Amino acid sequence: MSANFKCRLCAVCDGEACAGELPGMGGVFDGRNFSLNVEGWKKIIPSIPQEKLQEAAASIVPQKIRLAPITGAEENVGWPDEESFYAPFYAFAAGLGIKLGVGDGCPDNKLLAGIAAVQALNKTASTPKKAAVFLKPYPQEKLLERAEWALPVAEYIGVDIDSYNIVTMRNKVHLEKKTAAQLNELRRATKLPLVVKGVFTQESLDLIEELKPEVAYISNHGGRVETDIGSTAEFMLANIARIKKSAAAVWVDGGLRSKEDIAAALALGGEEVLLGRPMISSFLESVTKGSQRIFQPRPFWL
């Protein structure tokens, strides 16, 4: 397979080499939030009691880690085609024992390929796997249709509220700012636990207080969307008490690069952490070099 991937497989994945590369692995604002996410965990760790960090580190198991929703295999990762990416990528993640996340995008083949990959994985799995399926905030009728597509593989249904801030996509497919009533309609229609992804602003905090979702997912889209400036780590530290009053569980992503970072997220009250770029880079290395540098001799979270 050609190794013309857009990820440079940097030894330290901090956003410096791919700053501002969109499409690609970078982020808006010249990758500022991408870099701040990575730095943020290091900044907040000293503020967490050492005993809490140690207890959280001892509790880390693969089941507390989930693959973040990822699409755009061609334009963002540099994979030869969209459809062939997800089956081996999900198999790679499942082989590490972590949970699955499926992303959405435009055109529809991105979501459909992810769903099909989970179904393909289950044809050979001893225990069938489900995924958290994250949908873009399409107009309500289309959102409900996409949720129906996801039902065969979904254990959670999520809405990527922060993707409204992807201006080109918002204009192209008419993404909406979702109200609590609209998200509650989705929850009732699917009868699945609801995940609100993109909790990173005052507006999103107000939304989850009204909606009371099963999961509030702290994320700034990996620093890839136009939103408030800052890190998910510092946002979590500042707002976790408020979020816990409204959501049954809290998930977080953004810049998690070490066991200590994951321990910090769990110590603050997170139930799951989600990994995106570290999983992509490790998978691509396994494809191009037959190695798993990031996960040698074992996954970094163990």
With the requirement that a residue be of a type in the set (Gly, Ala, Ser) and out of contact with any Lys or Arg (no Cβ under 9 Å at 6 or more places or on another chain), what does the range 42-57 give you? Ser47, Ala56
So, of the residues in the range 169-195 that are more than 25 Å from Arg224 (Cα to Cα) and touching a Leu at 6+ places or on another chain (Cβ under 6 Å), which turns out to be surrounded by the most Cβ atoms within 10 Å (Cβ to Cβ)? Arg187
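Name the one entry in Glu39, Glu75 that is assigned to a helix (DSSP H, G or I), open to solvent by 50 Å² or more (accessible area, probe 1.4 Å), touching a Lys or Arg at 6+ places or on another chain (Cβ under 9 Å) and in contact (Cβ under 8 Å) with a residue 40 or more places away in the chain.
Working: Glu39 fails: touching a Lys or Arg at 6+ places or on another chain (Cβ under 9 Å).
Sole residue among the options that is assigned to a helix (DSSP H, G or I), open to solvent by 50 Å² or more (accessible area, probe 1.4 Å), touching a Lys or Arg at 6+ places or on another chain (Cβ under 9 Å) and in contact (Cβ under 8 Å) with a residue 40 or more places away in the chain: Glu75.
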What number of residues within the range 231-256 are surrounded by fewer than 21 Cβ atoms within 10 Å (Cβ to Cβ), in a loop (DSSP other than H, G, I, E, B) and in contact with a helix residue (DSSP H, G or I) (Cβ under 6 Å, 6 or more places away or on another chain)? 1
Does Asp206 satisfy the condition of being of a type in the set (Asp, Glu) and either free of Cβ contacts under 8 Å to residues at least 12 places away in the same chain or crowded, with 24+ Cβ neighbours inside 10 Å (or both)? yes
Of the conditions (1) surrounded by fewer than 18 Cβ atoms within 10 Å (Cβ to Cβ); (2) on the phi > 0 side of the Ramachandran plot, the single one that Gly198 does not satisfy is (1)
Residues of the range 257-290 being surrounded by fewer than 21 Cβ atoms within 10 Å (Cβ to Cβ) and β-branched (Val, Ile, Thr), in sequence order, are Val287, Thr288
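The values are calculated or read from the model by the stated rules, or taken from the named source; none is laboratory data. Fair warning: this is a prediction, and the values are worked out from it, not measured in the lab. Please note: Cβ atoms are built from the backbone with ideal geometry, for glycine as well, and neighbour counts cover all protein chains shown. To get the accessible areas, we keep the full protein, side chains included, count just its heavy atoms, and leave off ligands, DNA and RNA. Shrake-Rupley method; radii C 1.70, N 1.55, O 1.52, S 1.80 Å.
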